[in-house]
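As structure tokens, the structure follows; a few thoughts come after it.
The values are calculated or read from the model by the stated rules, or taken from the named source; none is laboratory data. Because the structure is a prediction, the values reported are computed rather than measured. Note: ideal-geometry Cβ built from the backbone for every residue, glycine included; neighbour counts use all protein chains shown.
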Amino acid sequence: MKPPKDDAEYFERLTKSVFTAGLNWTVVENKWPDFQKAFAQFSLPKVAKFNEKDVKTLMGNAGIVRNEKKIRATIHIADSTCSSVLCSID
């Protein structure tokens, strides 16, 4: 596997690991195009700005794995990353 080419790809891989934990990887893999749409193509600054309304929307999205802890963890990772490094808005 090639190293990630940018922060978005690194974030995407990390998110895939989070959502695959405890599940058959094919479940997440088959839903991945919906994950990409749901999480703003894994743009760190965009996901970092997700709020409670976004969490509720994601929890209603049948195209992704609807695990609230994993959704919140993904948003927290983006927010923490943007807080500790310079994140420019895409």
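Numbers below:
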| item | result |
| --- | --- |
| Hits in the stretch 1-27 - residues which are within 18 Å of Ser84 (Cβ to Cβ), among the hydrophobic types (A, V, I, L, M, F, W, C) and without any contact (Cβ under 8 Å) to a residue 40 or more places away in the chain | Ala8 |
| Residue check, Thr26 under 19 Å from Ile77 (Cβ atoms) and among the polar types (S, T, N, Q) | no |
| Lys31 surrounded by 17 or more Cβ atoms within 10 Å (Cβ to Cβ) and basic (Lys, Arg) | yes |
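Here is a yes/no grid of residues against (1) in a loop (DSSP other than H, G, I, E, B); (2) at pLDDT below 95; (3) at positive phi; (4) crowded, with 16+ Cβ neighbours inside 10 Å:
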{"site": "Phe50", "(1), (2), (3), (4)": "yes, no, no, yes"}
{"site": "Lys56", "(1), (2), (3), (4)": "no, no, no, no"}
{"site": "Lys69", "(1), (2), (3), (4)": "no, no, no, no"}
{"site": "Arg72", "(1), (2), (3), (4)": "no, no, no, no"}
{"site": "His76", "(1), (2), (3), (4)": "no, no, no, no"}
{"site": "Cys82", "(1), (2), (3), (4)": "no, yes, no, yes"}
